[in-house]
């Protein structure tokens, strides 16, 4: 496990302090040097950030350890589900904010989450979905097919399960929707993206084979 070098803390108001005490961001990385720095820049409010790294061999670790609140744990990658659940073990706060390394929080979303944590009148749910604004080099597209994802949730009521090439979060409780956006802004190379799609294709094909063996079939209208 690595920690970033200590650095002077900026003065925080009471609202920010209350927010960071309740939420720990959790991030998975593997060779994410084109992205991770921008993601961490929007998490300066967090008291601790847990990163599960799959033995990156680019500048990812150097960037991570330059941030004092980051804890890095390394684990060989097998599935996204196992990586996420492994990361949950190192979180002690009530709430988790699960982010991919190319998820950039908007200022509006940060304020919305902070407002929910501070609002004593409304009962908090157990999980919250966030919508995405797909970006190309920082410029938002007019529309995208990326569905909302449950990113903010109570740790003690949640677990990840396998779903093809990715994972699903199961929350034992009520979930709702955040109104603000996360910017999805992946700046890795096209060759890296194509490499990932090839891997995902094989895993999704294996999922379909398993479903067929179990006797599952699609019912057409």
Practice item. Could you work out how far the C-alpha centroid of segment 99-155 sits from that of segment 17-80, in angstrom? Key: 17 Å
Practice item. Please give the direction-averaged projected area of the C-alpha convex hull for segment 98-165, in square nanometres with one decimal. Key: 6.3 nm²
Exercise for review: Measure off 7 Å from each Cα along the Cα-to-Cβ vector at residue 82 and residue 41, then give the distance between these two points in nanometres to one decimal.
Suggested key: 3.5 nm
Review point. When the Debye formula is applied to the Cα atoms of segment 72-125, each taken as the same point scatterer, what base-10 log of I(q)/I(0) results at q = 0.21, 0.30 Å⁻¹?
Key: -0.97, -1.24
Check your understanding: Between residue 123 and residue 22, what FRET efficiency comes out of the Förster formula 1/(1 + (r/R0)^6) with R0 = 25 Å and r the beta carbon distance, rounded to 0.05?
Key -> 0.95
Check your understanding: In vacuo Debye scattering of segment 35-130, one point per C-alpha: log10 I(q)/I(0) at q = 0.11 Å⁻¹?
Key -> -0.37
**Study point:** Segment residue 143-residue 166, length gained on full extension (0.36 nm per residue, minus Cα span)
**Key:** 6.0 nm
**Study point:** Residue-span extension gain [residue 106 to residue 175] - 0.36 nm each, minus C-alpha spacing
**Key:** 22.7 nm
**Study point:** Residues of segment 84-114 with amide N under 20 Å of the 7 Å Cα→Cβ point at residue 75
**Key:** 84-103
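No lab work stands behind these numbers, since they all come straight from the coordinates. Here the structure is a predicted model, which means the values were calculated and not measured. Here Cβ is always computed from backbone atoms with ideal geometry, including for glycine, and neighbour counts include all displayed protein chains.
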